[in-house]
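Okay, so here's the structure we're looking at.
The values are calculated or read from the model by the stated rules, or taken from the named source; none is laboratory data. Keep in mind that this is a model prediction, so the values were computed, not measured. Every residue, glycine as well, gets a Cβ built from its backbone with ideal geometry; the counts of neighbours run over all protein chains shown.
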Amino acid sequence: MTPILFVTDLDHTLVGDDFAHEQLNEWLLEARSIGGKVVYSTGRSRIRYQELALEAPLFDPDLLIASVGTAIYSSLDGAPDPEWQKKLTAGWDRDRVMAITAHFADLVLQPETEQSAFKVSFLLTEEAAIELLPQLDHLLKQQGLDVQLIYSSGRDLDLLPRYANKGSALTFVRQTLGFPPENTIVCGDSGNDIALFAAGSELGIIVGNAQPELLSWHRDHPTPNHYLAKSHCAAGILEGLQYFGFR
Ligand SMILES: [Mg+2]
């Protein structure tokens with residue numbers, strides 16, 4: 001068996017079905033014992049990841065990509081990767097981004113734990129998002145700010161530096177760890193995971209409970225590299241591993 005780089009989202013992807021999760025853990029630990037690496041890629045900050053780790057059967061990953069790709073941790077109590085932080089500073093001005101978002105009353109700032117140097121996060125209803133997102137995008141561009149807007153699960157809006165997302169962080173990590181895309185598996189369920197699937201020719205497993213925004217992206221970008229599972233959460237990942245012949 002070839003060593004595999006396994007990169008997975010947490011909420012509603014790896015986490016959500018403890019029985020299947022524990023079954024998958026066995027496969028992951030075995031994959032790791034022959035040189036594979038396990039990376040969690042989450043929208044959560046490291047603090048909120050640690051909260052989740054107390055509730056779900058998560059083992060410590062080889063790397064944690066936190067806050068939608070804006071921080072990479074090789075140790076759960078160490079500093080974020082400085083090389084990655086340096087890449088993110090290009091074209092990013094957090095104070096000016098905050099000043100522009102202040103014009104929109106529908107944007108509700110998420111708790112302080114979800115904010116970071118390279119991420120500004122709001123709650124936004126789906127109804128308000130339809131008109132607000134294009135207006136905000138236009139205003140940011142007009143002010144010369146190169147910012148990505150990532151809207152997930154009909155609720156979370158993340159404003160990130162242009163270069164930062166789960167996909168660019170995946171590519172950075174994959175190259176740093178020395179895995180080719182064909183030996184890399186990515187798993188996800190929602191809008192911020194689209195960048196994982198769009199990164200390149202990695203194998204992708206979309207869990208059966210995926211959100212509409214990811215399903216519609218998948219429909220528009222068909223490729224034999226991606227498998228849409230019928231089962232939900234970790235059971236969907238197990239189904240995908242079987243489909244690709246890994247178990
Ligand atoms: Mg998720």
task = Looking only at region 13-32, count how many residues are crowded, with 19+ Cβ neighbours inside 10 Å and not small (Gly, Ala, Ser).
result = 7
remark   = Expected output for region 85-104 (first residue over 14 Å from ALA71 (Cβ atoms), partner exposed (fewer than 12 other Cβ atoms within 10 Å of the Cβ), Cβ below 8 Å, 6+ apart or cross-chain) is PHE104/GLN135
query = When region 126-171 is examined, which residues are found to be surrounded by 14 or more Cβ atoms within 10 Å (Cβ to Cβ) and of a type in the set (Gly, Ala, Ser)?
reply = ALA128, ALA129, SER152, SER153, GLY154, ALA164, GLY167, SER168, ALA169
message = Take the conditions of a type outside the set (Phe, Trp, Tyr), within 17 Å of the chain's Cα centre (by Cα), modelled with pLDDT of 95 or more and more than 16 Å from the ligand (Cβ to nearest atom) and apply them to ARG162. Does it pass?
response = no
inquiry  = For region 212-219, check the following and say yes or no: at least one residue is more than 16 Å from the ligand (Cβ to nearest atom), surrounded by fewer than 21 Cβ atoms within 10 Å (Cβ to Cβ) and in a loop (DSSP other than H, G, I, E, B).
reply    = no
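If the requirement is being closer than 17 Å to ALA66 by Cα, away from the ligand (no atom under 16 Å from the Cβ) and not assigned by TED's automatic domain parsing to the domain that holds ALA235, which of these qualifies: GLU112, GLU131?
Numbers: GLU131 fails: closer than 17 Å to ALA66 by Cα.
So the residue among GLU112, GLU131 that is closer than 17 Å to ALA66 by Cα, away from the ligand (no atom under 16 Å from the Cβ) and not assigned by TED's automatic domain parsing to the domain that holds ALA235 is GLU112.
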request  = Just name the residue that is nearest to LEU160 (Cα to Cα) out of those in region 90-125 that are surrounded by fewer than 11 Cβ atoms within 10 Å (Cβ to Cβ) and among the charged types (D, E, K, R).
outcome  = ASP95
request  = Looking only at region 161-184, decide whether some residue is more than 30 Å from MET1 (Cβ to Cβ) and either part of a strand (DSSP E or B) or among the charged types (D, E, K, R) (or both).
outcome  = yes
note = Within region 116-155, residues charged (D, E, K, R), under 20 Å from TRP217 (Cβ atoms) and out of contact with any strand residue (DSSP E or B) (no Cβ under 7 Å at 6 or more places or on another chain) come out as GLU126
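On the given criteria, is THR184 among the β-branched types (Val, Ile, Thr) and either closer than 24 Å to ALA20 by Cβ or buried (at least 21 other Cβ atoms within 10 Å of the Cβ) (or both)?
So THR184 fits the description; yes.
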